[in-house]
């Protein structure tokens, strides 16, 4: 249904300012520990916004709060381009790590059917649904994985499958929590390429928690530096070259090196 | 029930002859009804790593029976069902709230329940012996009316199960992922726990508290050894459960042993067999 409303590339050029997600005054407190406070962000459609920050900065917490899984203060407002009505956006989510029972007899097809089909995934598998799953997997170059067990996938394969799942139905906001480890460089590159394709093909906001600054520099449209609150937002080069970035990551040596005209990380 | 007795006459067993051993024929029908439902629920229990939890549910059910006895019900089933559903709900809530390891929580609840059950059952110096049937179980004592009641409960469980299976599977794979797709994970867990609690309670007096958990877990565990997708997993679990149920009942007649335990022994044999051959299938 969303697909019919949004046509491909409908707002790449001009309307991105109209369709956006506003995160206002977000805060998360667990017990007496403040994890996030005063987080204010504008996320535009058709853009890939990368969230970076040191360990314990609250990146994954922000994602969980956006998903509504964690109690938080502040609000999430989603404004669509064709009207001004605020509504709850359709969310897609790719978790950081999923503790899979590797012996689980659940295939990629089972996973999709369980998410999409009206009928029990083990009992009824319609040809139409299977064709649909194949089509979805092809979008992330994973169609060969359909009857593999999810416990037998590599980190990169699993992540692409989960990405395909998050895109079905096509969400308005796609939340990606990149795994810290377990994915090789090729897998990572392929993942970012796929995400980048998706951003161009559909008109959706992508929020990506990332740990790989090279990938961020290469693929992100905007970068948010987070550590309890938003320290800096802007274009990748602006944020990754800023003093506050070096201070946050305690990269004193690189900072001095950079001022002497050396290469930044 | 006469159609069923008639049908069984084709079997080459002495108890299957016309007019003989009605209790055996009743028991066989009960086993055929119970096995698939237990196997289906068991698949999800194994998915979720809830084997210990379902064991605790049996203990809760036992306490329910004891409370029912105190309150003076002739058939303490009603109070047992209510108590074990409440028990399942409480464990699920506390498990969800707390930071304590869930096996610790379940252990605490389970021991409390069984202690309370025994305490109540032996109050005023009563003998525990009259409750032995709940521990060992006696499927041969099942009456046609009880089979009718069982069939209704099982039909409800199956319909229910078909509706919530997909959601439960997603929750078992990853709660956050399920949550992002609009599934209220906690409530699905609660509903599933209550369904298992009800089924365990209702069947306890026929299968026996001591082995009922194996009835849930073993067929699914065996199927998991060899299944490569959800469809195989479910069909194999049901098949293993039926095979062990039926052969267990027949063997218990020959050996004059308790039926529940005989069934479980057959399931264990299937489990170990599939376990040792699992590499051939995987």
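Please treat every number below as a calculation from the coordinates, not as lab data. Keep in mind that this is a model prediction, so the values were computed, not measured. Quick reminder, even Gly has a Cβ in these numbers, built from the backbone with ideal geometry, and neighbours come from all protein chains shown.
Below are the figures for this structure:
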read-out: Sequence of B:185, B:104 once ranked by neighbouring C-beta atoms within 10 Å, starting from the fewest; value: B:104, B:185
read-out: Expected 222 nm ellipticity per residue - DSSP helices of 4 or more, -39500 (n - 2.57), all of the protein assembly as shown, to 500; value: -18500 deg cm²/dmol
read-out: Fewest-first sequence of B:153, B:37, B:269, B:65 by Cβ atoms within 10 Å of each Cβ; value: B:269, B:153, B:37, B:65
read-out: Projected area averaged over orientations for the stretch B:13-281, convex hull of C-alpha atoms, nm²; value: 15.6 nm²
read-out: Cα shape, the protein assembly as shown, gyration tensor, a/c 1.5 rule; value: prolate
read-out: Protection proxy ranking, peptides B:115-126, B:50-61, B:172-183, A:228-239, average beta carbon neighbours within 10 Å, highest first; value: B:50-61, B:172-183, A:228-239, B:115-126
read-out: Least to most buried among A:211, A:72 (fewest other Cβ within 10 Å first); value: A:211, A:72
read-out: Three-way shape label, the stretch A:113-152, alpha-carbon gyration tensor, a/c 1.5; value: oblate
read-out: Packing rank of A:137-143, B:12-18, where each peptide gets the mean count of other beta carbons within 10 Å, highest leading; value: A:137-143, B:12-18
read-out: Shape category assigned to the stretch B:95-150 from the gyration tensor of Cα positions, a/c cut at 1.5; value: oblate
read-out: Averaged over B:159-166, number of beta-carbon atoms from partner chains that fall within 10 Å; value: 3
read-out: Average beta carbon contacts from partner chains per residue of B:178-187, 10 Å cutoff; value: 4
read-out: Inter-chain Cβ neighbour average for residues A:61-70, partner chain, 10 Å; value: 2
read-out: Candidates B:137, B:42, B:19, ranked by Gaussian network fluctuation over chain B, Cα under 10 Å, top entry; value: B:19
read-out: Calculated P(r) of the stretch B:219-282 - Cα pairs past 15 Å, %; value: 49 percent
